[in-house]
Amino acid sequence: MHTGAEQEAERRLREAAAGCGRARVLDPVAAELLRYREVREQYGRVARSRAGVV
(Lines give C-alpha, C1' and ligand atoms only; values in the text may rest on other atoms or scores of the structure.)
Protein backbone atom coordinates (compact mmCIF):
# COMPACT_ATOMS: atom_id res chain seq x y z
CA MET A 1 0.00 0.00 0.00
CA HIS A 2 1.28 3.49 -0.88
CA THR A 3 1.79 6.17 1.71
CA GLY A 4 0.24 9.58 1.23
CA ALA A 5 3.58 11.03 0.13
CA GLU A 6 4.08 8.25 -2.42
CA GLN A 7 0.58 8.77 -3.80
CA GLU A 8 1.17 12.51 -4.05
CA ALA A 9 4.49 11.99 -5.83
CA GLU A 10 2.87 9.53 -8.25
CA ARG A 11 0.03 11.96 -8.93
CA ARG A 12 2.51 14.78 -9.65
CA LEU A 13 4.52 12.54 -11.98
CA ARG A 14 1.36 11.50 -13.85
CA GLU A 15 0.31 15.14 -14.22
CA ALA A 16 3.77 16.12 -15.46
CA ALA A 17 3.77 13.27 -17.98
CA ALA A 18 0.31 14.25 -19.20
CA GLY A 19 1.48 17.85 -19.53
CA CYS A 20 4.42 16.74 -21.67
CA GLY A 21 2.10 14.76 -23.91
CA ARG A 22 -0.25 17.73 -24.29
CA ALA A 23 2.67 20.02 -25.09
CA ARG A 24 3.92 17.62 -27.75
CA VAL A 25 0.49 17.70 -29.41
CA LEU A 26 -0.55 21.29 -28.79
CA ASP A 27 2.72 23.14 -29.49
CA PRO A 28 2.82 22.20 -33.19
CA VAL A 29 -0.90 22.97 -33.52
CA ALA A 30 -0.41 26.38 -31.92
CA ALA A 31 2.55 27.10 -34.22
CA GLU A 32 0.48 26.15 -37.28
CA LEU A 33 -2.40 28.37 -36.16
CA LEU A 34 0.00 31.28 -35.71
CA ARG A 35 1.42 30.67 -39.18
CA TYR A 36 -2.11 30.50 -40.61
CA ARG A 37 -3.02 33.81 -38.98
CA GLU A 38 0.10 35.48 -40.35
CA VAL A 39 -0.62 34.21 -43.87
CA ARG A 40 -4.26 35.31 -43.61
CA GLU A 41 -3.21 38.81 -42.50
CA GLN A 42 -0.71 39.02 -45.36
CA TYR A 43 -3.40 37.92 -47.83
CA GLY A 44 -5.72 40.61 -46.45
CA ARG A 45 -3.07 43.28 -46.99
CA VAL A 46 -2.43 42.15 -50.57
CA ALA A 47 -6.15 41.90 -51.35
CA ARG A 48 -6.79 45.41 -49.99
CA SER A 49 -3.85 46.87 -51.91
CA ARG A 50 -5.12 45.32 -55.14
CA ALA A 51 -8.59 46.69 -54.48
CA GLY A 52 -7.11 50.16 -54.03
CA VAL A 53 -7.99 50.30 -50.33
CA VAL A 54 -5.21 51.54 -48.07
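Quick notes on this structure:
- Neighbourhood charge, 13 Å Cβ-Cβ cut-off, centred on Glu41 and excluding it, Lys, Arg +1 and Asp, Glu -1: +4
- Per residue, in Å², the accessible surface of the chain once ligands and nucleic acids are set aside, probe 1.4 Å: 94 Å²
- Taking only Cα atoms of the chain, radius of gyration then Dmax in Å: 22.7, 74
- Residue of Leu34, Leu26, Leu13 that the Gaussian network model of the chain assigns the largest fluctuation, springs spanning Cα pairs under 10 Å: Leu13
- Percent accessible area from carbon and sulfur atoms, the chain, protein chains only, probe 1.4 Å: 60 percent
- The chain: angle of helix 4-51 to the longest principal axis, Cα-based, in degrees nearest 10: 0 degrees
The values are calculated or read from the model by the stated rules, or taken from the named source; none is laboratory data. The shown structure was predicted, so the numbers you read here are calculated from the model rather than taken from an experiment. Quick reminder, even Gly has a Cβ in these numbers, built from the backbone with ideal geometry, and neighbours come from all protein chains shown. Protein only, heavy atoms only, side chains kept; ligands, DNA and RNA dropped before computing areas. Shrake-Rupley method; radii C 1.70, N 1.55, O 1.52, S 1.80 Å.
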